[in-house]
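Bear in mind that the values in this text are calculations on the coordinates, not laboratory data. As the structure is a prediction and not an experimental result, all values here were calculated from the model. Reconstructed Cβ throughout: ideal geometry from the backbone, glycine too, with neighbour counts over all protein chains shown.
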Amino acid sequence: MLTRRIIPCLDVKDNRVVKGINFLNLRDAGDPVELGARYSDMGADELVFLDITATIRSRKTIVELVEKVAENVFIPFTVGGGIQTVEQIDELLRSGAEKVSVNTAAVANPELLSESAQRFGNQCVVLAIDARRSKEKPGKWQVCIKAGSEPTDIDVVEWAAKGEELGAGEILLTSMDADGTKAGYDNELNKAVTDAVNIPVIASGGAGTLEHLYDAIVDGGADAVLMASITHFGNYTIRNIKEYLREKDIAVNL
Amino acid sequence: MIVVIDYNVGNVKSVCNAFRHIGCDVELSCAPEAVENATGIVLPGVAAFGYAVSALGALAEQIKEVALRGKPLLGICVGYQMLFDTSSEYGQHNGLGLIEGSVVPIPAGRVIPHMGWNLVKLPEDMELLAGIGSEKHFYFAHSFYAETSDRHAKVAYTDYGFNMPASVQKMNIYGTQFHPEKSGEAGLKILQNFYDICKREALTC
């Protein structure tokens, strides 16, 4: 039976892992390669590295980071942040990333998803969606781009389904309302998206307790749960998380 | 020296990194002499099947030929799928035809791609999977799988709502649908097993 994945997320800025509250107020959490290797040793199923600066200068740094991680970590990892072209995806995959996530560039140019899927296979292509609850349309979420700074008129559920159709192999769904709050995932959002697509969905944003992770899987239907603060700062270990979920009859790799 | 075939698809570096980590000499190459002189060949693969086959080009025939002569060959993910006769991913494509069978879509009615860690039952008589116990989780990421009809092939299965082949072995030809280079310690043990097989074969040749 396929297990639910526990995925620590490492937001990287200037070669350091940082974690903000609601995408702001960055706080230092350590060296990305070291932290990645530690998570691998602790039993994480996968890692996500997000380059949150995503400038031309940081692009070279992120390729070097991917190379270093790949030399030291023997579990899959996804890299994302500011990726715009098939060539950049190719470079990151060749450097050792298992998957690449695209966000803003896919909104601007949806063919990026189909071209990448046909070349690399859809299992490499992760569509990252930053979702914000719509003030105008209750019960709907709008897609935000440019690291969450720019809301669009695109509906999250429709965009997720469109992304799947174009060739995305997975959706990394971040609730901007919940992110960094430690108040729980937005499981209405997770449920709306997992019901609308057939590809795996990684729930992200809001993990504060072990119950939150369980709820994202059971209520939200998430195939995987992403977390940062609760594991970076030592509140819980990966083992704590997996033992808790296993006791509640969720299949985990333990 | 184990040669990992470099044919312009993703993830080749991860495979090399994992072999180096276990202390194995490995070379990333697409040179015919390297393939000829290698103690073993690894055909990695993160790509769509059609793209991978055309990227492999003329090397396909050589790999097939050295494998039929008995050189150990390990296919991983799409590299594993290419060991079979055909695939229907984005059109109809021919594989190397080393193992009878076809690569077909995972049946609808479940989340696809099959992505993540799934439990593989490890048969005792499959040398590649030895020394890990009777079952273990490995990392998968694929939407197609190989259905084999080859009665000379040994098969290890995983459960994804149906019995899905996860690894095959036919004489000196080995393959894993999952990624041993991304499956932590158990995955590294599989690469170690392949390395040991190559060393042994090199001595007896």
Discussion item. Largest first and in whole Å, what are the equivalent-ellipsoid semi-axes of the stretch B:2-204 based on the Cα gyration tensor, each being the root of 5 times an eigenvalue?
Written reply: 23, 20, 16
Fill in: Taking the stretch A:5-247 and dividing mean pair separation by its residue count, relative contact order in percent (alpha carbons under 8 Å, at least six apart)
17
Practice prompt. Take peptide A:96-105, look around each residue's Cβ out to 10 angstrom, count Cβ atoms belonging to other protein chains, and average those counts.
Written response: 3
Worksheet entry | Positive-end residue, the protein assembly as shown charge dipole about Cα centroid, Cβ charges, pick of A:72, A:192, A:120 | A:72
Discussion item. Give me, ordered by chain and number, the residues 5 or more places off residue A:145 or on other chains with an amide H under 5 Å from its own placed amide H.
Written reply: A:150, A:152
Worksheet entry | Point-charge dipole on Cβ atoms (K/R +1, D/E -1) for chain A, about Cα centre, debye to 20 | 460
Worksheet item: How many lysine pairs does the stretch A:5-247 hold where the Cα atoms are under 17 Å apart and the two sit 8 or more places apart or on different chains?
Response: 9
Worksheet, complete the sentence: A correct fewest-to-most ranking of B:158, A:61, B:176 by other Cβ atoms within 10 Å would be A:61, B:158, B:176
Practice prompt. First select every other residue whose beta carbon is under 13 angstrom from the beta carbon of residue B:162; then total the charges, Lys and Arg +1, Asp and Glu -1.
Written response: -1
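So what's the net charge close to residue A:134: Lys and Arg +1, Asp and Glu -1, counting the other residues with Cβ under 15 Å from its Cβ?
Around residue A:134, the surrounding residues sum to -4.
Rounding to the nearest 20 debye, state how big the charge dipole of the stretch A:125-234 is about its Cα centre with +1 on each Lys and Arg Cβ and -1 on each Asp and Glu Cβ. Could the numbers behind the result be given before it?
On the way: 9 positive and 18 negative charges, 54 e Å.
The dipole magnitude comes to about 260 debye.
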Worksheet item: Using the 10 angstrom Cβ neighbour count as an exposure proxy, how do B:117, A:159 rank, fewest first?
Response: A:159, B:117
Worksheet, complete the sentence: Each label sits 7 Å from Cα toward the beta-carbon; between residue B:28 and residue B:92 the label points are separated, in nm, by 3.6
Worksheet item: Charges only on Cβ, +1 for Lys and Arg, -1 for Asp and Glu: so what's the dipole of chain B about the Cα centre, in debye to the nearest 20?
Response: 280
Worksheet entry | Isotropic mean projected area of the C-alpha convex hull, the stretch A:193-252 (nm²) | 4.0
Fill in: Cα-based Lys pair tally, the stretch B:2-204, threshold under 14 Å, eight or more apart or on separate chains
9
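Relative contact order (percent) for the stretch A:118-250, with alpha-carbon contacts under 8 angstrom and 6 or more residues of separation?
Reported relative contact order: 19 percent.
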Worksheet item: Can you list residues whose amide H is under 5 Å from residue B:120's amide H, if they're 5+ apart or on another chain and H is modeled 1.01 Å from N?
Response: B:136, B:137, B:138
Discussion item. If each DSSP helix of 4+ residues adds -39,500 (n - 2.57) and the sum is divided by the residues in chain B, what number results at 222 nm, nearest 500 deg cm²/dmol?
Written reply: -8500 deg cm²/dmol
Response to the item:
Mean projected area, convex hull of alpha-carbon positions in the protein assembly as shown, reported to one decimal in nm², is 19.8
Discussion item. Suppose only helical runs count, i.e. DSSP H with n ≥ 4. What mean residue ellipticity at 222 nm does that imply for chain A under -39500 (n - 2.57) per run, divided by all residues and rounded to the nearest 500 deg cm²/dmol?
Written reply: -11000 deg cm²/dmol
Response to the item:
Farthest towards the positive end of the dipole of the stretch B:24-143, among B:45, B:67, B:32 and with Cβ unit charges of +1 on Lys and Arg and -1 on Asp and Glu, lies the Cα of B:45
Worksheet entry | Amide H contacts of residue B:145 (H built 1.01 Å from N, under 5 Å, at least 5 apart or other chain) | B:104, B:106
Worksheet item: When you take every Cα atom in the stretch A:5-247, what is the radius of gyration, and what is Dmax, the widest Cα pair distance, in Å?
Response: 16.3, 48
Fill in: Order of A:191, B:182, B:71 under a 10 Å beta carbon neighbour criterion, fewest first
A:191, B:71, B:182
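How much of the DSSP beta bridge set in chain B is antiparallel, as a percent to the nearest 5?
On the way: 27 of 43 bridges.
For chain B, the DSSP antiparallel bridge percentage is about 65.
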Item to complete: Take the Cα gyration tensor of the stretch A:66-146, multiply each eigenvalue by 5, square-root it, and list the three semi-axes largest first, rounded to whole angstrom.
Response: 27, 15, 10
